[in-house]
Amino acid sequence: MKQYVYADNAATTKMDMVAYEAMTPYLVEEYGNASQPYVFSRAPKKALQEAREVIASCIGAFPDEIFFTSGGTESDNWAIKGIAMSDVDGGVHSIITSAFEHHAVLQSCAAMEKLGHRIIYLKPERNGEISPDVLRQEITEEARLVSVMYANNEMGSIQPIKDLAGIAHEKGVLFHTDAVQAVGHVDIDVHSLGIDMLSASAHKFNGMKGCGFLYIRKGCGLLPYADGGAQESGNRAGTENVPGIVAMATALKNNCDHLEENKKKVIDMEKEFLRLLTETNIPFVRNGGLHTLPGLISLSFPGADGEAILHRMDLLGICISTGSACNSQDTEISHVLKAIDLDEEYAKGTIRVSLGKYNTLEEIEIIVRGLEKILG
């Protein structure tokens, strides 16, 4: 098999071996249905509860505020549609989000707009941040929900979540954040930040694909996502993915237990990457401002073609991206770059390099030499 230098950790991450080993018994030995009352189901039932407790402790929540889903997309859909459709007074309400959210949020909002809800899109600043002042100007008591991502998935820009949530609460409005890129990589405490709902996906923090969770603060009034069985306290019917959930909790705890160590390693590699790239004298700009996720680097090369760079790097055995993996077949300029008004000459030449804890300094040099070969 061809050996690759993998530098697209914002798209997905390598599964931790501790997570893989933790899930294996629930695939081949303790495979019982956790909803059944007999003894054989006790182990998977206990595993679900322990996973819920572990995940809650990692984000500062209570265990009964954690609900298992199939991933970030489902969690985003549930949070937005579950609040919008819980409206029973027949009044005119709005949902406030940002113009550079993940498509799971944007398209969920668009679906609610078709049902009569008003959607307000906050414009980010050039540095990729949503200003609290902009939210304060737009929000009124008619709003039902504010949904702003924790960190942008293409630029890595971290949002002032606590300030945004505080403004929402001043008006009695709920606050949701798509934290898919951030969970497991930065310290998050949902209660101290004032977050009412938070979406996460296991494969972004070295867990299993097809598994995620939605944190729902008690009292949010969110409608159930799926009808059927009584799983997830009657809020999300369907037999739980016990192996995936166990792996997710294990991976998240492993990342959180080594959070500062991992951050330091990734930041050191990021600095070395930028130093070596600067030494090549290839002109570039970095997008996303000063407050970005460790290792998530959006670069624009004026006059270049980001798609061409991606494919030529692939031929060299180096995996990078032009932006969101969910939009990889769309060759138009990213909606994220349009939202920050990035000049077209730069926007077309934009790539995303996202480093993770399994990358090495040797790989950093290979990536830079690859870019130098293509762009030099």
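Brief remarks follow.
- Pairs linking a residue in region 1-23 that is modelled with pLDDT under 95 to a residue that is in a loop (DSSP other than H, G, I, E, B), with Cβ atoms under 8 Å and 6 or more positions apart or on different chains, are Lys2/Gly317; Gln3/Gly317; Tyr4/Gly317.
- Within the set Ser334, Ser298, Ser354, the sole residue that is buried (at least 21 other Cβ atoms within 10 Å of the Cβ), touching an Asp or Glu at 6+ places or on another chain (Cβ under 7 Å), within 12 Å of Met155 (Cα to Cα) and at pLDDT below 95 turns out to be Ser334.
- Tally, over region 35-74, of residues that are out of contact with any helix residue (DSSP H, G or I) (no Cβ under 9 Å at 6 or more places or on another chain) and either open to solvent by less than 20 Å² (accessible area, probe 1.4 Å) or β-branched (Val, Ile, Thr) (or both): 2
- Residue within region 30-52 that is under 21 Å from the mean Cα position of the chain (by Cα) and at pLDDT 95 or above present: yes
- Residue pairs whose Cβ atoms lie under 9 Å apart, separated by 6 or more positions or on different chains, with the first residue in region 235-253 and more than 13 Å from Gly212 (Cα to Cα) and the second outside any helix (DSSP H, G or I) and among the hydroxyl-bearing types (Ser, Thr, Tyr), are Asn235/Tyr225; Ala237/Tyr225; Gly238/Ser70; Thr239/Ser35.
- Meets criteria (aliphatic (A, V, I, L, M), open to solvent by 30 Å² or more (accessible area, probe 1.4 Å) and touching a strand residue (DSSP E or B) at 6+ places or on another chain (Cβ under 9 Å)) for Leu259: no
- Scanning region 1-27 for residues that are over 20 Å from Ala202 (Cβ atoms) and surrounded by fewer than 16 Cβ atoms within 10 Å (Cβ to Cβ) yields Met1, Lys2, Gln3, Tyr4.
- A residue that is over 22 Å from Pro294 (Cα atoms), out of contact with any Phe, Trp or Tyr (no Cβ under 6 Å at 6 or more places or on another chain) and open to solvent by 30 Å² or more (accessible area, probe 1.4 Å) occurs nowhere in region 193-204.
The values are calculated or read from the model by the stated rules, or taken from the named source; none is laboratory data. Note that this is a predicted model, so its numbers are computed, not measured. Every residue, glycine as well, gets a Cβ built from its backbone with ideal geometry; the counts of neighbours run over all protein chains shown. Note: areas computed on protein heavy atoms with side chains; ligands, DNA, RNA excluded. Shrake-Rupley method; radii C 1.70, N 1.55, O 1.52, S 1.80 Å.
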